[in-house]
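Q: Here you go, one structure.
Just so it is clear, none of the values below were taken in a lab; they were calculated from the coordinates. Note that this is a predicted model, so its numbers are computed, not measured. Neighbour counts run over all protein chains shown; Cβ positions are idealised from the backbone, glycine included.
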Amino acid sequence: MEQINRARSISVWIFIVPFVAINTCLLLITQFHGIFPNQEDIIHNTFPYLDGGASISRTARPYPTWLIFKPSMFLTSFLLIKYWLYNKQIINFFSIDHKNIKKIFFFGVASAIALTIHSIFLGIKFDNDLYKLFRRVIMLCFIVFEIAAQAYLVATFYSLKDKLINYINLTILKLKLILVSILIIVAIISIPIISLPGDYFLGFNLKFFKHALEWDYFLGVIVFYLLTYLMWKKN
């Protein structure tokens, strides 16, 4: 089925493009300080996946790293829309008008649109509380829509696993189910914590926790697409 081959091919790029882009921004801002005209933008000695020394936006918004980040996110958004379209066609092939298909397509495309909007406004400085709230809401929408789309997709494929047995690796499908479950649980536990005002709570540095969570959660979200590439059997 051609849609399966297309979904498989595009999924690996949805993993590679943002992973390479964001980590390139991190490498440049921590190691190649000379290319930054504003030395206040540079960061020293951090591996934010573990120590939370910087947020993703902190590494991606200064010039010239935004020249890498923004085009990469626009490309990722385009690939996401294509990915969810192909999955809609795959589900229709095996189960016409499946009850989850509209939800999957809506949340998937909405997450891509939210990512595009977030990328457009990244780096635009506007000292207004409403603007700051808008940016946070857009980022939250991206996460919620993306996880919802992933959850509905995995649940749908799991319900159709008998029809898909010749097309997928069931072990990888189960790994996707575990991954999405972890992402949902982490989100439910973390939202009350990251919503706390200030950078400290009971002597614990929330700022570093939020940053580390952001990097690790981002990694978990895009690993879903790497697993998609591994799940579908080649031809």
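Q: From the cross-link list Lys103/Lys207; Lys82/Lys102; Lys103/Lys210; Lys82/Lys125; Lys125/Lys210, which pairs have alpha carbons spaced over 24 Å apart?
A: Going by Cα-Cα distance, Lys103/Lys207; Lys103/Lys210; Lys82/Lys125 fall outside the 24 Å limit.
Q: If I model the chain as equal point scatterers sitting on the Cα atoms and use the Debye formula, what is log10 I(q)/I(0) at q = 0.12, 0.13, 0.15 Å⁻¹?
A: Evaluating at q = 0.12, 0.13, 0.15 Å⁻¹ gives log10 I(q)/I(0) of -0.71, -0.82, -1.05.
Q: A further question follows. To the nearest 20 Debye, how big is the dipole of the stretch 2-231 about its Cα centre, given +1 on the beta carbon of each Lys and Arg and -1 on that of each Asp and Glu?
A: For the stretch 2-231, the charge dipole is close to 640 debye.
Q: Which whole-number percent is the relative contact order of the stretch 2-231 (Cα, under 8 Å, 6+ apart)?
A: 30 percent
Q: Now, a different point. Within 10 Å of each residue's Cβ, count the other Cβ atoms and sort His33, His44, His98 from fewest upward.
A: Fewest-to-most Cβ neighbours within 10 Å comes out as His44, His33, His98.
Q: What is the order of Leu140, Leu122, fewest Cβ neighbours within 10 Å to most?
A: The order, fewest Cβ neighbours first, is Leu140, Leu122.
Q: Along the positive direction of the dipole of the chain (beta-carbon charges: Lys, Arg +1; Asp, Glu -1; about the Cα centre), which of Pro192, Ile96, Gly220 reaches farthest?
A: Going by the charge dipole, the pick is Ile96.
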